[in-house]
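The values are calculated or read from the model by the stated rules, or taken from the named source; none is laboratory data. In this text, all values refer to a predicted model and were calculated from it rather than measured experimentally. Every residue, glycine as well, gets a Cβ built from its backbone with ideal geometry; the counts of neighbours run over all protein chains shown.
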Amino acid sequence: MRRLALTILLLAGCESNVQTTSGADYRAAQPGFTPSASSAIDEAVAQASQIEPLLQFPARIGLARIQFGGLAPVPPREADAWIAFAKSHGDYGTFVPISPLIADMAGSRAGTLGNSVVNRIRLAAATQHVDAVLIYSVGGQTTNATSPLSLLDLTIVGAFLVPSRSIHGQATATALLMDVRNGYPYATVTTDASQSGFVPSVGSGHESRDLAEDAQAAAVAKLTAALDTTLSKLRLDLQTKELAALRAQSAAAK
């Protein structure tokens with residue numbers, strides 16, 4: 001890279017949500033509700049509400065990256081972040097990359113059910129005997145604007161050497177942890193990262209693309225850091241829920 005000015009890395013907000021609620025409890029809260037037989041959406045909502053959390057740690061957890069609406073290989077720099085996370089967090093279980101080839105094979109066998117990328121991921125994860133799958137995507141944008149030094153671009157030396165272009169890259173990484181067997185959504189995590197710098201006019205397009213990749217890699221690195229806290233809370237909530245169920249069974253047996 002030829003960035004001549006200080007590059008500023010900004011790690012912005014992080015949002016996460018953990019879910020361990022019970023479908024049975026959800027339906028019990030409205031015992032008198034009956035979906036309308038003539039309403040397909042009512043039936044679908046009633047069926048969707050029935051799922052229960054099944055995950056137990058340590059687990060076999062898949063990793064799937066979505067890009068342009070399809071399952072895509074994990075880029076090397078993002079893979080480094082995931083490998084480092086897996087090595088240092090073995091207490092959560094084993095992390096397994098979901099193969100796009102296996103997803104295509106499993107999706108083709110499933111007919112129309114394999115048309116959805118999430119369905120293909122679940123089918124591939126089931127083929128690879130994965131308990132839950134972490135599905136993530138990264139999106140971003142860049143800007144390449146003039147700076148007060150842009151007048152020097154009129155000279156040959158200025159165009160090649162003077163940092164007259166202000167470039168900025170921003171990326172957002174979003175992840176969903178889903179149960180492979182029943183599609184239960186255990187957690188969502190979203191992180192942002194951005195980078196800025198000044199570069200010469202000549203080559204600024206290439207520098208801008210590099211900066212966008214830097215921002216995406218930074219967003220994924222932050223995603224792995226946030227995932228540690230999220231999985232820790234999820235594991236604790238699931239253990240607390242299991243303990244409460246055992247106590248209820250013990251009390252009922254007396």
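Observations
- Entry remark, the stretch 100-123: residues being in contact (Cβ under 8 Å) with a residue 40 or more places away in the chain and touching a Gly at 6+ places or on another chain (Cβ under 6 Å) number 2 in total.
- Failed criterion for W82 (all others in (1) within 23 Å of G140 (Cα to Cα); (2) surrounded by fewer than 18 Cβ atoms within 10 Å (Cβ to Cβ); (3) touching a residue at least 24 places away in the same chain (Cβ under 8 Å); (4) not β-branched (V, I, T) hold): (2)
- Residue count for the stretch 32-58 satisfying the condition of being part of a loop (DSSP other than H, G, I, E, B) and either in contact with a helix residue (DSSP H, G or I) (Cβ under 8 Å, 6 or more places away or on another chain) or of a type in the set (S, T, N, Q) (or both): 16.
- Selected residue (only one of I61, I66 is closer than 22 Å to A221 by Cα, out of contact with any Asp or Glu (no Cβ under 8 Å at 6 or more places or on another chain) and part of a strand (DSSP E or B)): I66
- Helices (runs of 4 or more DSSP H) within the stretch 91-178 that include 1 or more residues modelled with pLDDT of 60 or more: 100-109, 117-127
- Pairs are defined by a Cβ separation below 6 Å, a sequence spacing of at least 6 or placement on different chains, a first member in the stretch 210-238 that is of a type in the set (V, I, T), and a second member that is in a helix (DSSP H, G or I); the pairs so defined are V220/E78; V220/A81; T224/A81; T224/F85.
- Residue in the stretch 16-28 that is in contact with a helix residue (DSSP H, G or I) (Cβ under 9 Å, 6 or more places away or on another chain), assigned to a loop (DSSP other than H, G, I, E, B), under 19 Å from T190 (Cα atoms) and at pLDDT 90 or above present: yes
- Residue within the stretch 74-89 that is β-branched (V, I, T), more than 18 Å from the chain's Cα centre (by Cα) and not in a loop (DSSP other than H, G, I, E, B) present: no
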